[in-house]
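The values are calculated or read from the model by the stated rules, or taken from the named source; none is laboratory data. Just so you know, these numbers come straight off a predicted model, no measurement behind them. Cβ placement follows ideal geometry from the backbone for every residue including glycine, while neighbour counts extend to all protein chains displayed. Surface areas here come from the heavy atoms of the whole protein model, side chains and all, with no ligands, DNA or RNA. Shrake-Rupley method; radii C 1.70, N 1.55, O 1.52, S 1.80 Å.
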Amino acid sequence: TIAEKITGGAIDILVNNAGYFYEPVEMVTEKSCNYAEELKMIDICALGPLRVSENLYNGGLLKEGSSIAIITSQGGSISWRTTQNPEGGDYGHHMSKCAANMMSVLLSQELKGKDIAVGILHPGFNKTGMTAKYEHIWEVEGAVDASVGAKRVFHEIEKINMDTTGKFINCEDGLEIPW
């Protein structure tokens, strides 16, 4: 197990950063949905962080006062889909991030009594290989270099506590994202 390979004691902050974004934009009307890839995205983006968190908790490495940061995406916000995806599409990505957000809220509820805070963080629109299929709108939509995005994420990770546990935070501005 992962926990068996870690030495040095309990983990103060666990950062679960799992992401996979299938390259083509999936559209029902274009017969381009790839269900195997959609399941892969859900497995990586939602179940991956749950597997890691469960393994480390049950391995005794997450203790009272620890915190878990789940790096997810505003792509999992149902409220924002009609604005950001008015024509639909990218099913696997959005479903996987919505599942990751739900898992994170449930985990925060379960671990609340153990005094382990769970932060749910949207890192912002970053210029990475994963977002390269949207390179044509990077500048228009305010995408930032990954180093800037990482600083924003670290800033919000420092703020995770029992008062913020289970909240979905946008690292671009520190505000809560609607579900």
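Please check which bits of region 1-26 a label hung off N55 would reach, taking the label as a point 7 Å along Cα-to-C-beta and the cut-off as backbone N under 19 Å.
1-20
Tell me the carbon and sulfur percent of the accessible area for region 69-179, rounded to whole percent, probe radius 1.4 Å.
Values: 3200 of 5620 Å².
The C+S portion of the solvent-accessible surface of region 69-179 is 57 percent.
Using protein chains only and a probe of 1.4 angstrom, how many square angstrom of K63 are accessible, to the nearest 10?
100 Å²
Largest first, what is the accessible-area ranking of K127, K114 with a 1.4 Å probe? Intermediate results must be reported in sequence, preceding the final value.
Details: K127 55, K114 105 Å².
So the residues, ranked largest to smallest area, are K114, K127.
Determine the order of D173, D90 by accessible area, beginning with the largest, at a probe radius of 1.4 Å. Could the numbers behind the result be given before it?
Details: D173 90, D90 5 Å².
So, going from the largest accessible area down, we get D173, D90.
Can you list residues whose amide H is under 5 Å from K167's amide H, if they're 5+ apart or on another chain and H is modeled 1.01 Å from N?
Those lying under 5 Å, H to H, from K167 are I120.
If the cut-off is 21 Å between C-alpha atoms, which lysines fall inside it for K5, apart from same-chain ones fewer than 8 positions away?
Candidates past the 8-residue exclusion: K63.
For region 77-179, what is the number of Lys pairs with C-alpha distance below 23 angstrom, counting only pairs 8 or more positions apart or on separate chains?
14
Roughly how many Å is it from the Cα centre of region 95-124 to that of region 3-48, as a whole number?
When both Cα centres are located, 15 Å separates them.
Would you be so kind as to identify all helices of the chain, as entire DSSP H runs, whose Cα atoms reach 30 Å or more along the helix's own axis and whose mean Kyte-Doolittle hydropathy is at least 0.5? Could the numbers behind the result be given before it?
Working: long enough: 91-112 (31 Å, -0.06).
Span-like helices in the chain: none at all.
When the chain is modelled as a GNM with alpha-carbon springs shorter than 10 Å, which of V28, V105, V140 fluctuates the most?
Highest fluctuation among the options: V140.
If you stretched the chain out fully between A3 and K151, how much longer would it get, using 0.36 nm times the residue separation minus the C-alpha to C-alpha distance? All intermediate terms of the calculation are to be shown ahead of the outcome.
On the way: separation 148, 0.36 × 148 = 53.28 nm, distance 2.74 nm.
So the chain would gain 50.5 nm between A3 and K151.
Any idea of R152's accessible area? Nearest 10 Å², probe 1.4 Å.
Surface accessible to solvent at R152 totals approximately 70 Å².
Around M103, with a cut-off of 14 angstrom between Cβ atoms, what is the net charge of the other residues, counting Lys and Arg +1 and Asp and Glu -1?
Details: positive: R51, K97; negative: D43, E54, E110.
Cβ neighbours under 14 Å give a net charge of -1.
Tell me which chymotrypsin sites (Phe, Trp or Tyr not before Pro) from region 1-73 have a DSSP coil assignment and no more than 16 other beta carbons within 10 Å of their own. All intermediate terms of the calculation are to be shown ahead of the outcome.
Values: sites: Y20, F21, Y22, Y35, Y57; in loops: Y20, F21, Y22.
Counting only loop positions with at most 16 other Cβ atoms within 10 Å, the chymotrypsin sites (Phe, Trp or Tyr not before Pro) in region 1-73 are Y20.
What GluC sites (Glu not before Pro) in region 110-179 are in a loop by DSSP, with at most 15 other Cβ atoms within 10 Å of the Cβ?
Details: sites: E110, E135, E139, E141, E156, E158, E172, E176; in loops: E139, E141, E158, E172.
For GluC sites (Glu not before Pro) across region 110-179 that sit outside H, G, I, E and B with at most 15 neighbouring Cβ atoms in 10 Å, the list reads E139, E141, E158.
I'd like the Kirkwood hydrodynamic radius of region 1-66, using the inverse of the mean 1/r over distinct C-alpha pairs, in Å. Provide the component values of the computation, followed by the final result.
On the way: mean 1/r = 0.0714 Å⁻¹.
Every distinct Cα pair counted, the radius reaches 14.0 Å.
Of the labelled options [x] 127, 22, 11; [y] 24, 18, 17; [z] 29, 18, 15, which one gives semi-axes √(5λ) of the Cα gyration tensor in Å as computed for this structure?
[z]
Given the protein chains as shown and a 1.4 Å probe, how many square angstrom of T1 are accessible, to the nearest 10?
That residue has around 90 Å² of solvent-accessible surface.
What 222 nm value per residue comes from the helices of the chain, counting each DSSP H run with n ≥ 4 as -39,500 (n - 2.57) and dividing by all residues, nearest 500 deg cm²/dmol?
Working: 6 runs with 64 residues, N = 179.
Computed ellipticity for the chain at 222 nm equals -10500 deg cm²/dmol.
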